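What follows is a set of notes on a single structure, which appears directly below.
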Amino acid sequence: MATAELTVTERQFEHAARELVQASHWIHSRGWAPATSSNFSCRLDAERCAITVSGKDKGRLSETDIMRVDMAGRPLDAAQPSAETLLHTQLYRREPGIGAILHTHSTHAVLVSMHTQEDCLIVSGLELLKALAGINSHEASLRIPIFDNTQHIAALATAVDEAMQRDGTGHAYLIRGHGLYTWGADMNEARRHLETIEFLLEYTWRSAQRA
Ligand SMILES: [Zn+2]
């Protein structure tokens, strides 16, 4: 019984690692994860997730660069998890329906977050909004909160959690001068959300240049 259980668990971890490596190479190829930035994760169950280790080139990531942490961000394997692990576990703890999280350091996420004075970005009127789960019309408005950057990740995770408690979980948030967090029910949905929001950020930046 214990052996069979272990096998299922191991298989689940291998599947998550494969999905994370594929997503990582795709994200790097799009230019959204420069240098060794960005981090990605998948939920394994209610207690654990698989996450990228700290400081690797995301274009060359391999399955040995994925490790397990518990939902308090404590390592379950002998490796150093991403410095931003607590921002992943905060989302998994808050929202049981989240199955995968992608965090990028794209140029447009940095530009838009640095040049928006308000504490959120509102995007509306675009057909591509319908690629986001739960949005059925271009007339919807997407609210993306913007948090100030800090090296105190635990404090940032608390601020994000308090904002979500107040305003709802939403689809994504920005960290000013830093990057984007988005998520989905599974890796496919998280990838679709990432591609959509990166498009919306590029649109926002380029249309502001024409004004
Ligand atoms: Zn980051």
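What does the convex hull of the Cα atoms come to per residue for region 133-175, in Å³?
Convex hull of Cα atoms, per residue: 73 Å³.
Mind ranking 36-44, 128-136 by how tightly packed they are, going by the mean number of other C-beta atoms within 10 angstrom, highest first?
Output ranking for 36-44, 128-136: 36-44, 128-136.
When Rg is the radius of gyration of the Cα atoms in region 60-104 and Rh is its Kirkwood radius, what does Rg/Rh come to?
In region 60-104, Rg relative to Rh is 0.96.
Just need the relative contact order of the chain here, percent rounded to a whole number, with Cα pairs under 8 Å and 6+ apart. Numbers along the way, then the final one.
On the way: 361 pairs, mean separation 40.5, N = 211.
Answer for the chain is 19 percent.
Specify, per residue and in Å³, the volume enclosed by the convex hull of the alpha carbon atoms belonging to region 94-136.
On the way: hull volume 5.6 nm³, N = 43.
Hull volume normalised by residue count: 130 Å³.
Bin width 5 Å, origin at 0, all Cα-Cα pairs of region 82-211: what percent of pairs per bin?
2, 11, 21, 25, 23, 12, 4, 1, 0
Can you list residues from other chains, or at least 5 along the same chain, whose modelled amide H is less than 5 Å from the amide H of Gly177?
Ser113, Met114
Can you report the principal axis dimensions of region 16-68 using only the alpha carbons, biggest first, rounded to whole angstrom?
The Cα atoms of region 16-68 stretch 32, 17, 16 Å along their principal axes.
What residue among Thr107, Thr116, Thr85 shows peak mean-square fluctuation when the chain is described by a Gaussian network model with Cα springs under 10 Å?
The residue that fluctuates most here is Thr116.
Considering the chain as a Gaussian network with a 10 Å cut-off on Cα pairs, which listed residue, Glu189, Glu63, Glu47, attains the greatest mean-square fluctuation?
Glu47
Computed FRET efficiency, Cβ-Cβ of Asp186 and Cys120, R0 30 Å: what is it to the nearest 0.05? Mind dumping the intermediate values first?
Working: r = 26 Å, r/R0 = 0.88.
According to the calculation, E is roughly 0.70.
What relative contact order, as a whole-number percentage, does region 65-176 give when Cα pairs under 8 Å and 6 or more residues apart are counted?
Details: 118 pairs, mean separation 26.1, N = 112.
Result for region 65-176 is 23 percent.
Taking every pair of alpha-carbon atoms in region 26-142, what share in percent sits in each 5 Å bin, from 0 to the bin with the longest distance?
2, 11, 17, 16, 20, 17, 11, 6, 1, 0
Percent relative contact order of region 1-122, based on C-alpha pairs within less than 8 angstrom and at least six residues apart?
Values: 168 pairs, mean separation 30.6, N = 122.
That works out to 25 percent.
Coordinate-derived values only; no laboratory data. Bear in mind that the values here come from a model prediction, so they are computed numbers and not experimental data. Positions of Cβ are backbone-derived with ideal geometry, glycine not excepted, and every protein chain shown enters the neighbour counts.
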